[in-house]
Amino acid sequence: MTVSVETEVEIRRLFFAEHWRVGTIAAQLGVHEDVVRRVTGLTERKPPSTPRSRLVDPVADFISDTLERYPRLRATRLYDMVRDRNRSAPRHGWGITEKKKFQKFHSEGSPTHPFL
């Protein structure tokens with residue numbers, strides 16, 4: 001659907017200056033929500049972002065080597081070993097949230113053994 005230049009200007013003003021939501025603008029101006037998204041540029045695809053490095057990446061080799069030698073080692077013990085060896089890392093970066101992420105990383109690499 002083609003809208004007039006005046007309507008496009010009004011859509012942009014309401015969206016960017018007045019901070020109205022897409023549905024509100026569409027209802028007030030009597031246009032479809034897709035028109036509002038197209039005019040404001042919300043339908044344009046963002047370029048794919050590069051993945052961020054994980055906190056575990058610098059010690060991944062140590063983790064892999066340790067798990068090869070001790071495959072039944074618990075994630076909490078491995079976490080303590082990494083934390084004790086990594087004194088240069090900021091202490092606040094290895095909190096409870098990071099411990100949970102670390103345990104997830106540990107479980108991704110370890111094989112699952114069924115109970116016999």
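The residue of the range 77-93 that is farthest from residue 60 (Cα to Cα), among those that are modelled with pLDDT under 55 and surrounded by 10 or more Cβ atoms within 10 Å (Cβ to Cβ), is 93. Do we find a residue being on the phi < 0 side of the Ramachandran plot, modelled with pLDDT under 70, touching a Lys or Arg at 6+ places or on another chain (Cβ under 8 Å) and not basic (Lys, Arg) anywhere in the range 37-58? No, every residue in the range 37-58 fails to be on the phi < 0 side of the Ramachandran plot, modelled with pLDDT under 70, touching a Lys or Arg at 6+ places or on another chain (Cβ under 8 Å) and not basic (Lys, Arg). One residue stands out in the range 38-53 among those that are touching a helix residue (DSSP H, G or I) at 6+ places or on another chain (Cβ under 6 Å) and touching a residue at least 12 places away in the same chain (Cβ under 8 Å): the one that is surrounded by the fewest Cβ atoms within 10 Å (Cβ to Cβ), namely 40.
The values are calculated or read from the model by the stated rules, or taken from the named source; none is laboratory data. None of these values were measured; they are calculated from a predicted model. Backbone-built Cβ (ideal geometry, glycine too); neighbour counts: all protein chains shown.
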